[in-house]
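Everything on this sheet refers to the single structure shown next.
Each reported figure results from applying straightforward, stated rules to the coordinates on display, with no laboratory input. All values derive from a computational prediction rather than experimental measurement. Neighbour counts are summed over all protein chains in view; Cβ atoms, including those assigned to glycine, are modelled from backbone coordinates with ideal geometry.
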Amino acid sequence: MAKKWLAGLILLAGCGAQEPEQPESEEIQEVARNLDVPWSIEQNEDVFYISERSGTIAKVEDGEVLRQQVDLTAPLSDAAEAGLLGFVLTLDFKESNQAYAYYTYDKDGEPYNRVVTLELDGSRWRETDIMLDGIRSGTVHHGGRLEIGPDDALYITIGDASEPATAQDPDSLNGKIVQIDGSGEAAVYSTGHRNPQGMAWAEDGTMYASEHGQSANDEINIIEEGSNYGWPEIEGPEEAKGLKTPLAASGADDTWAPSGMTWHKGELYVASLRGEAVLNIDPQTADVTKEIEGYGRIRDVFSDGESLYFVTNNTDGRGNPADGDDKLYRIGE
């Protein structure tokens, strides 16, 4: 089991906000502050690029934050939980200056999601191509995570748009994980998801995804191509023929609201919003522990192979922001 990093809490007088108490060992270090509802952490060499739901990319270099504008072909939706969500640099970013992004926009008065290519020109990103479009959304359950898998394909988590039946509808992309291969072809990779918001791969290629349960029963699933993960027929530890049950679940009396995930030194780490923690999951035993607490809502985690990073999400309207929130932290040994 990985080493535990636990931070205490200090209540700020008069405002009820939470300010973490740094451990004496200083193993948890603040990298950047004043982020605006950050969603996805990406890194190129020593520079971080963090998507912000308001429609900007925060470039973090040497602790300084430069907010980069993103020119999109449609205005962002103001639906709850919507905006600029998933963001991942292309494998050839150093040469192409390109990235992929997932955002929610409005069409005919209804929210939709799309996946696009962005290109960085100086300090400004510009949408250059639409890869996947017309994905129905709702007031919540947008999904939105983008990751590049070990096969170099782009993977996309898509929520059920608050319409559970779509997760089992073969004619809908909602409630699915979708793969876009090198030729640009999109295909459904797995079905039966409610609101998946994280993906990660082990060294052996095993794929994992996190998923929000209906009121509890949040899930960590091992994802196999072509498999059905049950929503809305089953959730949590429930079983039914032909449907997959999770590696781990929060249970009926607990809520994690899991979001971004990463594989780090042989174990799985998951950002937890409602649970206000970074979760550690042992892939062999499925034991779940809260590795980090006391920083409020956590949206994403990221590993560079040596250190683990996480971003808080206390400015998303559901948290209690402390001074300088939201922040990017580094966990080192």
Within region 133-147, backbone nitrogen closer than 11 Å to the virtual label 7 Å beyond the Cα of Ala240 toward Cβ: none
GNM top mover of Thr166, Thr191, Thr73 - the chain, alpha-carbon springs below 10 Å: Thr73
Calculated FRET value between Gln29 and Asp152, using beta carbons and R₀ = 35 Å, to 0.05: 0.60
Theoretical gain in end-to-end length, Thr206 to Thr139 [0.36 nm per residue, Cα-Cα removed]: 20.9 nm
Positive dipole terminus of the chain, leading residue within Gly122, Asn217, Val31 (C-beta point charges): Asn217
Rounded to whole Å, sorted largest first: equivalent-ellipsoid semi-axes of region 76-182, Cα gyration tensor: 24, 17, 10
Placed amide H near Gly143: partners under 5 Å, 5+ positions off or other chain: Gly159
Set of aspartates and glutamates with alpha-carbon distance to Lys290 below 12 Å, sequence-local pairs under 8 removed: Glu276, Asp282
Per-peptide average of other Cβ atoms within 10 Å, ordering 299-307, 146-154 highest first: 299-307, 146-154
Karplus 3J(HN,Hα) series, Hz, for region 225-240 with 6.51 cos²θ - 1.76 cosθ + 1.60 (x for Gly, Pro): 4, x, 8, 10, 9, x, 5, x, 5, 9, 8, x, x, 4, 10, 7
Residue-wise HN-Hα coupling along region 178-187, computed from phi with Karplus coefficients 6.51, -1.76, 1.60 (Hz; x: Gly, Pro): 10, 10, 10, 7, x, 8, x, 7, 9, 8
Long-range HN-HN contacts of Leu273 with modeled amide H, under 5 Å: Ser259, Ile298
Pairwise Lys count, region 38-258 - Cα closer than 29 Å, eight or more residues apart or different chains: 4
Sequence-distant residues sharing a close amide H with Gly198 (under 5 Å, placed H): Ser210
Residue-averaged 222 nm ellipticity for the chain, from DSSP H runs of 4+ at -39500 (n - 2.57), nearest 500: 0 deg cm²/dmol
Rg/Rh for the chain, where both radii come from Cα atoms and Rh is the Kirkwood radius: 0.94
Relative contact order [Cα under 8 Å, 6+ residues apart], region 197-281, whole percent: 28 percent
Nearest-20 debye value, the chain charge dipole, Cβ charges on Lys, Arg, Asp, Glu: 540 debye
Dipole of region 111-195, positive end: most advanced residue of Ser190, Pro111, Gly149 [Cβ charges, Cα centre]: Pro111
Label-zone membership for region 202-219, site Ala252, 7 angstrom Cα→C-beta point, backbone N under 12 Å: 216-217
Hull volume in cubic angstrom per residue (convex hull over the Cα atoms of region 227-333): 126 Å³
Average Cα contact separation per residue, the chain, under 8 Å, 6 or more apart, as relative contact order %: 15 percent
Region 59-71 - phi-based ³J(HN,Hα) in whole Hz, Karplus 6.51/-1.76/1.60, Gly and Pro as x: 8, 10, 9, 6, x, 9, 10, 10, 8, 9, 6, 10, 8
